[in-house]
Structure formats: structure tokens, C-alpha cells
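All remarks here apply to the structure that follows.
The values are calculated or read from the model by the stated rules, or taken from the named source; none is laboratory data. Owing to the predicted nature of the structure, the values given are computational and were not obtained by experimental measurement. All Cβ positions, even for glycine, are placed from backbone atoms using ideal geometry, and neighbour counts span all protein chains on display. Accessible surface is based on the protein model in full, side chains and every heavy atom, while ligands, DNA and RNA are left aside. Shrake-Rupley method; radii C 1.70, N 1.55, O 1.52, S 1.80 Å.
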Amino acid sequence: LIAVVAIMVLGLKLFRYLQIKPRPRPKCLDDASLGVHKYFKSDGVKLHYVESGDPSKPLVMFVHGFPEFWYSWRHQIKHFNQEYHVVALDMRGYGDSEKPAGVPNYAIGHLVEDLKNLAEHVDKPKFHLVAHDWGGGVAWHFVSKYPEMVKSYTACNIPHVTSLRDQQRGSWEQMLKSWYMLFFQLPVLPEFMMMKQDNQCFYGIAKEAGLHKDEELINVYKFAFPDFTTWNRTINYYRAAVRSTIFKNPKSLPYMKGLKDIKVPCMSIFGTDDKYLSVDSAKGTNKYVKNHRLELVPGVSHWIQQEAPEKVNPLLQDFMENNA
């Protein structure tokens with residue numbers, strides 16, 4: 001009997017430890033200055049995006065990273081929607097987009113086609129692409145597969161994917177920084193680690209960017225990651241990437257062919273205090289891109305577009321104007 005009671009008590013404590021509190025929808029997500037919430041279908045998956053600005057003007061597409069969602073671009077949306085047609089996507093598995101089950105649904109081919117399908121949905125065959133972290137990894141594959149669709153590409157704290165692999169193989173610094181990518185291959189445990197103590201991880205992320213005193217921001221992110229399902233689907237990006245590399249997924253090969261010879265005008269904006277990606281991996285991008293501009297931002301973390309919009313936005317504006 002004592003053992004049964006002890007197990008029940010431990011089970012209750014574990015449940016509370018992993019429980020994410022339900023939250024009402026934060027009002028800031030429906031701020032009219034950020035745009036209108038819309039949806040489209042991409043290969044049968046219903047995806048959410050936020051649209052603002054004049055549809056007759058050039059398109060800028062913003063693609064977020066992990067663990068984020070469209071709202072990570074709030075500072076850029078407000079800055080650019082006066083002069084551009086702006087869309088900010090919730091990638092599959094994130095935010096208000098559908099969350100199909102299974103690792104194969106997060107293979108690179110699906111993710112690249114989601115960007116293409118969004119551009120076609122808003123009837124913009126050529127556009128400026130801006131992406132961060134995982135969204136940037138997808139975007140590197142997009143510009144290699146569909147260069148004719150891209151006026152310019154800006155990668156925010158995400159090196160060219162081959163440069164990153166070079167550093168993961170040859171640099172102890174990047175090997176150590178990439179530890180979590182291996183941890184994410186485990187079942188269930190990574191989800192529980194991120195969920196623990198009511199999504200406490202978002203406080204740590206905000207602290208890296210000096211935004212930990214912004215309780216509204218932390219609450220917004222906790223709202224956007226409300227359950228095990230969301231964490232599972234977003235971590236599946238890492239699982240799909242590793243499995244594709246190990247098992248040489250033939251469906252992914254067409255999205256790899258042009259990676260080492262990118263001709264689209266590209267700019268890398270890279271905060272040098274990134275805990276997850278090395279400065280050398282950003283510098284190595286130049287090896288694989290014909291027309292590459294590197295802007296190092298000293299003292300800024302991985303979460304650059306949220307931490308330092310006053311530095312990111314002018315760089316973006318100058319680069320897009322020069323590649324109109």
C-alpha cells in the first residue's frame with residue numbers, strides 16, 4: 001500500500017512538473033498594426049500566416065525559427081509594411097498552422113514547398129525572403145531549389161547549411177554547441193524537457209536576448225506552445241533532418257542539388273553571442289554563395305531580430321533596396 005501511495009504521489013508531482021497552464025489568447029496577437037490572420041492549404045496541410053501592407057507592392061516573406069512562430073517578426077512587420085507587402089508564416093507544426101503527425105511530414109521537401117505555395121497563394125512569383133534559425137535552414141534550400149523566385153535572401157543567425165555541417169565535423173566549438181540536436185533525436189524526453197515547469201524554457205530564451213523582464217512576451221510564447229503535440233511536431237524538424245542525412249532520403253535529394261553554388265543575392269546578419277551557432281559557421285557561408293554579404297553584430301544573441309531590431313531593420317532595408 002505504501003508503495004502504491006508513493007507511486008501515486010510521484011506521478012502527481014511529475015504531472016504538475018510537466019503541466020502547461022491553459023492561457024487566454026494574448027491581445028497583442030490580434031494587434032491590427034501587425035496585419036490580418038489568414039490561411040492557405042499547402043499539400044493538404046492548412047497553414048497560418050499574417051499579412052499586412054499593400055498587396056501591389058513588393059513582397060517580403062518572413063520565416064521564423066525554433067521555438068518561435070510568426071510573432072517573432074513583430075518589429076520587422078511594423079517597420080516594413082508601410083513600403084512592402086508583408087507575410088509572416090507559421091511553419092507547419094507551429095502556432096495556428098496544422099500539426100500533422102509523424103517525422104516524415106517535416107522533411108525538407110515539404111518545408112520548402114510550403115514557402116513556394118505561400119508565394120503562389122499571394123500571387124507573388126518573386127519576392128524578398130527573410131528567415132531565422134530553422135526557417136533559415138529551410139530558406140537556404142529554397143533559394144537553391146527556386147532561385148528564380150527570390151530577389152534577395154537575408155539569413156538571420158543561420159549559416160549556410162553546408163557551412164554549418166563543415167563546422168559540426170571539424171570544430172569542437174560547433175560540435176559542443178550542437179549537442180541539443182542529438183538530444184532531440186530521443187523520443188519523448190526532449191518534449192518533456194521543453195514543457196517542464198510551465199514552459200519555463202521561454203524565460204531562459206528571453207534572458208539570452210535581454211528580454212526576460214517582458215512578461216507579456218514570455219506569456220505569448222507559452223501560449224503558442226500549449227501542449228506535448230506542439231513540442232513534438234516542432235522537434236520533429238530535427239529528427240527529420242538527421243534521418244534524411246543518415247538514410248539519404250531520395251525525396252530530399254532534389255532540394256540539395258544547388259546548395260553549394262547559390263547565386264541569389266544573400267546577406268547573413270549574425271549576432272556574435274549566439275549560444276548555438278559559431279561565428280566561423282557564419283563566415284564559412286561565403287564559400288557556398290556567389291554574392292554574399294556578412295554583417296556581424298557584436299554582443300547580440302541568437303534571437304537577433306527580437307533583441308536588436310534597431311540594427312537588423314536598417315540592414316534589411318538597405319539590402320532589399322539594393323536588390324529591388
Next on the checklist: Longer than 21 Å from Cα to Cα, which of K41/K196; K251/K290; K124/K145 are they? Say none if no pair is.
Outcome noted: K41/K196; K251/K290
Checklist entry - Between (i) 203; (ii) 221; (iii) 142, which matches volume of the Cα convex hull per residue in Å³ calculated for the structure shown? => result (iii)
Item to check | ³J(HN,Hα), Karplus 6.51/-1.76/1.60, whole Hz, each residue of segment 256-267, x for Gly, Pro | outcome: 9, 4, x, 4, 8, 8, 7, 10, 5, x, 10, 10
Checklist entry - Between V63 and residues 5 or more places away or on another chain, which pairs have amide H atoms under 5 Å apart, with H built 1.01 Å from N, and which residues are they? => result V130, A131, H132
Item to check | Percent of beta bridges antiparallel (DSSP, the chain, rounded to nearest 5) | outcome: 30 percent
Checklist entry - With a ≥ b ≥ c the root eigenvalues of the C-alpha gyration tensor of segment 204-269, is it rounded (a/c under 1.5), prolate (a/b larger than b/c) or oblate? => result oblate
Next on the checklist: Using a Förster radius of 45 Å, what is the FRET efficiency between Q82 and K248 based on their Cβ-Cβ separation? Nearest 0.05, please.
Outcome noted: 0.45
Item to check | Hz values of 3J(HN,Hα) by residue in segment 109-114 - Karplus curve (6.51, -1.76, 1.60), Gly and Pro given as x | outcome: x, 4, 5, 5, 5, 4
Next on the checklist: Under 5 Å between amide hydrogens, which residues at least 5 positions from F184 or on another chain qualify, with H placed 1.01 Å from N in the peptide plane?
Outcome noted: none
Checklist outcome for this item: Once amide hydrogens are built 1.01 Å from N within the peptide plane, the residues lying 5 or more places from F69 or on another chain with amide H under 5 Å from its amide H are none
Checklist entry - Are there GluC sites (Glu not before Pro) in segment 155-254 that DSSP marks as loop and that have at most 11 other Cβ atoms within 10 Å, and which are they? => result none
Checklist entry - At a Förster radius of 30 Å, what calculated FRET efficiency corresponds to the Cβ-Cβ distance of S56 and Q185, to the nearest 0.05? => result 0.05
Next on the checklist: With the cut-off at 1.5 for a/c, could you classify segment 167-324 from its C-alpha gyration tensor as rounded, prolate or oblate?
Outcome noted: oblate
Checklist outcome for this item: Computed over the chain, protein heavy atoms only, probe 1.4 angstrom, the accessible area per residue in square angstrom equals 45 Å²
Next on the checklist: Would segment 176-218 count as rounded, prolate or oblate if I go by the C-alpha gyration tensor, calling it rounded below 1.5 in a/c and otherwise prolate when a/b exceeds b/c, oblate otherwise?
Outcome noted: oblate
Checklist entry - Which percent of the accessible heavy-atom area of the chain goes to carbon and sulfur, probe 1.4 angstrom? => result 59 percent
Checklist outcome for this item: At the level of C-alpha centres, the distance separating segment 287-324 and segment 120-169, in angstrom, is 13 Å
